[in-house]
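Participant: Provided herewith is a single structure, encoded as structure tokens, for subsequent inquiry.
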Amino acid sequence: MPVTANTTDTSLSFTRELLDDIVYFFSTELTETSFWTQVSCILLAVAIAIILAGYFGKKLALRAQHFSTETLRGRLATFALTLSKKLLFSVFASLFLFLGIWFLQQLGLVQENDKLTLARLANQVFFMWALLVLVVEFIVVLFAKRHFSAQLKRFFYTVFWILAILNILGVLPVIVSIMQSITLPIGSNSLSVWAILVGLITVLLAMAIANWLSEQCETMINSAPDIDANLKIVLSRLATIAFFTLAILFSLASVGLNLTILSVFGGAVGVGLGFGLQKIASNYISGFIILFDHSIKIGDLVEVAGFSGTVTQINTRYSVIQSMAGEEMIIPNENFVTGTVKNLSRTEKAVVHSVNVSIGYECDVGRAQAILLEIVGEQKRILKKPAPWAVISDFGSDGIDLRVSFWVQDPENGTSVLKSNIMKAVLSRFNAENISIPYAIRDVRLNGELRITGNHSSAKK
């Protein structure tokens with residue numbers, strides 16, 4: 001709705017009064033002795049506050065280093081000390097400004113009936129600075145530092161100081177009254193622009209609190225030693241969904257918005273899930289199925305969708321598999337439920353690997369097998385039980401093919417280096433015991449007369 005004429009007249013009248021006050025201030029206050037006395041007192045209070053805040057701030061910073069951030073108690077103590085360090089300047093500046101004005105009044109340099117406009121303005125600035133520090137620190141804690149970038153913090157500072165200056169000048173109440181007079185129809189109700197703005201701020205604040213509570217709950221669940229890893233993920237996500245749902249419902253109810261509107265929104269979401277979001281919904285449900293039935297766990301060595309590696313993440317919609325080469329593959333959770341998955345470490349983590357080698361037909365096969373078993377038995381990553389075994393795998397065209405097989409207890413760490421070490425040891429031991437490793441030797445025969453022709457001119461030279 002348009003702004004009423006009464007509101008417009010009020011704002012114009014207020015603007016004229018504000019301009020008159022500014023003109024009066026510069027024409028009268030600047031010529032009075034009390035003004036410059038207040039300036040001196042403010043500068044002195046700021047200087048003392050900077051010195052004391054720097055000194056005691058270092059003490060608090062050293063004290064904060066003694067607390068561990070791994071526990072909730074340590075995090076709270078660190079937060080309290082850090083917050084106190086950032087509030088020291090405002091507290092000291094306001095305190096010494098008050099003491100300075102009182103001391104000047106006792107000396108008679110400032111009369112008790114003086115307006116002290118500048119001192120009150122400085123005190124409001126100190127208060128606003130302390131309020132800004134409190135708000136920013138709590139927002140950083142609630143939203144986490146990774147979501148509160150330097151650019152966002154700079155924008156927040158700018159908006160805050162603009163609002164603070166408008167409030168000091170008395171303009172902000174007029175703006176609020178104008179926003180309250182403008183209403184927008186929402187369903188069967190009507191909300192003012194001010195109510196909508198307050199509602200948005202309430203939603204953001206509620207979401208921030210829900211985010212902080214979910215993080216604390218996740219930390220507590222992950223620290224529980226008797227809960228399965230998959231169950232920890234499930235409980236953490238259910239708690240996060242519950243906190244954010246309650247935050248949205250609380251914030252909407254606090255604004256005065258009828259919650260029956262959510263039924264229309266829920267119906268629209270249901271239709272969207274039924275038509276356009278089938279795969280996304282399927283992946284979300286599949287994620288919970290994987291976590292509940294324990295078919296896949298973090299740390300499992302799997303092969304799915306033509307990609308093999310270790311499961312590093314099981315998220316709500318997708319899972320992440322990291323190969324031995326460090327490559328990461330994002331696999332939709334539906335593939336783990338509807339497709340075929342080779343889990344190499346579901347019940348038994350160890351897997352079988354083999355190394356092939358050939359020896360000459362004239363060599364002692366039994367001795368060669370014994371050497372292979374000795375070399376494999378010296379490797380720390382190979383299990384003793386089940387014991388390794390060496391067999392004749394084939395009679396090759398150049399030699400006898402042997403295969404030594406063994407169980408690797410940690411295949412997620414790779415087997416290339418392990419096999420290389422075994423092959424180097426086999427080569428060294430076979431050479432020491434005169435066991436030959438054959439290689440293909442071919443005779444080339446040429447049938448017919450061989451003629452060599454050359455350049456006659458070059459031959460004469």
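Participant: 5 Å is the cut-off here: which amide hydrogens, built 1.01 Å from N in the peptide plane, fall below it relative to S319, excluding neighbours closer than 5 in sequence?
Facilitator: I331, N333
Participant: Note the full-extension length gain between R120 and E303 as 0.36 nm times their separation in residues minus their Cα-Cα distance, in nm to one decimal.
Facilitator: In short, 58.8 nm is gained.
Participant: From the phi of every residue in segment 88-103, what ³J(HN,Hα) in whole Hz does the Karplus formula 6.51 cos²θ - 1.76 cosθ + 1.60 yield, where θ is phi - 60° and glycine or proline is x?
Facilitator: 4, 4, 5, 5, 5, 4, 5, 5, 6, 5, 5, 5, x, 5, 5, 5
Participant: Further, regarding this structure: Could you sort I375, I201 by their accessible area in this structure, using a 1.4 Å probe and putting the largest first?
Facilitator: Result of the area sort, largest leading: I201, I375.
Participant: Arranged from highest to lowest average of other beta-carbon atoms within 10 Å per residue, in what order do the peptides 382-390, 212-220 appear?
Facilitator: 212-220, 382-390
Participant: A follow-up question, please. Give the relative contact order (percent, whole number) for segment 277-419; include only Cα pairs under 8 Å separated by 6+ residues.
Facilitator: 21
Participant: On full extension of the chain, what length is gained from N315 through L383, given 0.36 nm per residue of separation minus the C-alpha to C-alpha distance?
Facilitator: So the extension gain works out to 21.2 nm.
Participant: Let me ask something additional. Could you compute how much accessible surface H66 exposes when probed at 1.4 Å, giving the result in Å² to the nearest 10?
Facilitator: 140
Participant: Further question: What figure, in Å² to the nearest 10, do you get for the accessible area of M207 with a 1.4 Å probe and non-protein molecules left out?
Facilitator: Result for M207: roughly 50 Å² accessible.
The values are calculated or read from the model by the stated rules, or taken from the named source; none is laboratory data. Everything quoted here is computed from the prediction, not taken from an experiment. With ideal geometry, Cβ positions are generated from the backbone for all residues, glycine too; neighbour counts draw on all protein chains shown. These area figures cover heavy atoms from the full protein model, side chains too; ligands, DNA and RNA do not enter into them. Shrake-Rupley method; radii C 1.70, N 1.55, O 1.52, S 1.80 Å.
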